[in-house]
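The values are calculated or read from the model by the stated rules, or taken from the named source; none is laboratory data. Not measured: the values here are computed from a predicted model. In this analysis, Cβ positions are derived from the backbone assuming ideal geometry, glycine residues included, and neighbour counts consider all displayed protein chains. Note: areas computed on protein heavy atoms with side chains; ligands, DNA, RNA excluded. Shrake-Rupley method; radii C 1.70, N 1.55, O 1.52, S 1.80 Å.
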Amino acid sequence: MADFSTLIMANHPDLIARLKRHFEAEYVLKDGRSPLRVLKALVSSPRLADFYVRDFNSDGHVHVGDSFLDKFTMLADMRQKTYGLSLHRWNEVSSKAVMVSNYDFRDLSVTRIQVWPFDPRDLHLESLKVAVAVSYTALELVREPRIVGALNELLLTYNVQADPDELC
């Protein structure tokens, strides 16, 4: 059995193999799935902070959050796209960023930036799926049940199930 006595980060080189071994061994619900809360107890959320900025140059950056789910599930994204940046990269660009606190939902010039401790571009797709899944807070999942459905679709391969009644 994998040793998950401590949290691991989503960029751990053996993340997926360790998760598969763990879920095969324990924490299985009656229907054969594991609760999302167990995944979140095993893998640390990479999301350190969120910022909304105007006129962000997204070239070379990857979608995370709702924008990532929009690409891989039936979740429809909001107009403001979400990109992940490493803390190092955010420190380089934040002084030039035009921060926004209020904006019209139709404003396409606004981008949501999630700051992560590592560069999400360095993750392979399966690790990025896990990282995005554990990046959501319980409050976000309770407030937006569509995200729960999208996460269930995204994590189907791992038999992980988000249940809105078990999130808090």
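Starting from the Cα of LYS40, draw a straight line to each of the lysines and keep only those under 30 Å, dropping any in the same chain fewer than 8 residues away.
Those lysines meeting the cut-off are LYS20, LYS30, LYS71, LYS81, LYS129.
Per residue, what accessible area does the chain have, given a 1.4 Å probe and all protein chains present, in Å²? Intermediate results must be reported in sequence, preceding the final value.
Details: 8980 Å² over 168 residues.
For the chain, the solvent-accessible area averages 53 Å² per residue.
Which residues' amide hydrogens lie under 5 Å from the amide hydrogen of TRP116, considering only partners 5 or more residues apart or on another chain, with H built in the peptide plane?
Distant-sequence amide H within range of TRP116: LEU48, LEU85, SER86, LEU87.
Computed FRET efficiency, Cβ-Cβ of THR6 and LYS71, R0 35 Å: what is it to the nearest 0.05? Walk me through the numbers before you get to the answer.
On the way: r = 31 Å, r/R0 = 0.90.
That pair, THR6 with LYS71, gives E of 0.65.
For PHE105 and ARG79, compute 0.36 nm times the residue count separating them, minus their Cα-Cα distance, and round to one decimal in nm. Present the calculation step by step, with values, prior to reporting the outcome.
Values: separation 26, 0.36 × 26 = 9.36 nm, distance 0.70 nm.
Length difference between fully extended and current span is 8.7 nm.
Sticking with the crude label model, points 7 Å out along Cα→Cβ, report the distance from GLU153 to VAL93 in nm, one decimal please.
2.7
Between ARG121 and ALA17, what is the label-to-label distance in nm when each label sits 7 Å out along the Cα-to-Cβ direction?
2.7
Within the stretch 56-168, what whole-number % of the accessible surface is contributed by carbon and sulfur, with the 1.4 Å probe and all protein chains included in the calculation? List each step's numbers first, then the result.
Numbers: 2990 of 5770 Å².
Heavy-atom surface of the stretch 56-168 belonging to carbon and sulfur, 1.4 Å probe: 52 percent.
Near the amide H of SER34, under 5 Å away, which other amide H atoms are found, from residues 5 or more places off or on another chain, if H is placed in the peptide plane?
Result for SER34 returns LEU29, VAL160, GLN161.
Would you tally the net charge around THR73, using a Cβ to Cβ cut-off of less than 14 Å, leaving THR73 out, and scoring K and R as +1, D and E as -1?
Details: positive: LYS71, LYS129, ARG146; negative: ASP66, ASP70, ASP77, GLU144, GLU153.
Net of charged neighbours comes to -2.
Hey, could you pull the Cα Rg and Dmax for the chain, both in Å?
So, for the chain, Rg and Dmax equal 16.3, 52 Å respectively.
Pull up the DSSP beta bridges for the chain and report the antiparallel fraction as a percent, rounded to 5.
Values: 10 of 19 bridges.
Counting only bridges with both partners in the chain, antiparallel ones make up about 55 percent.
Below 10 angstrom from the Cβ of THR82, what's the summed charge of the other residues (Lys, Arg +1; Asp, Glu -1)? Could you put the intermediate results ahead of the total?
On the way: positive: LYS81, ARG112; negative: ASP50, ASP66, ASP70, ASP77.
Neighbour charge sum, excluding THR82 itself: -2.
Mind pulling up the Rg/Rh value for the stretch 28-104? Radius of gyration and Kirkwood radius, both on Cα. Don't skip to the end; give the middle numbers.
Working: Rg = 16.0 Å, Rh = 15.0 Å.
Computed over Cα atoms, the ratio is 1.07.
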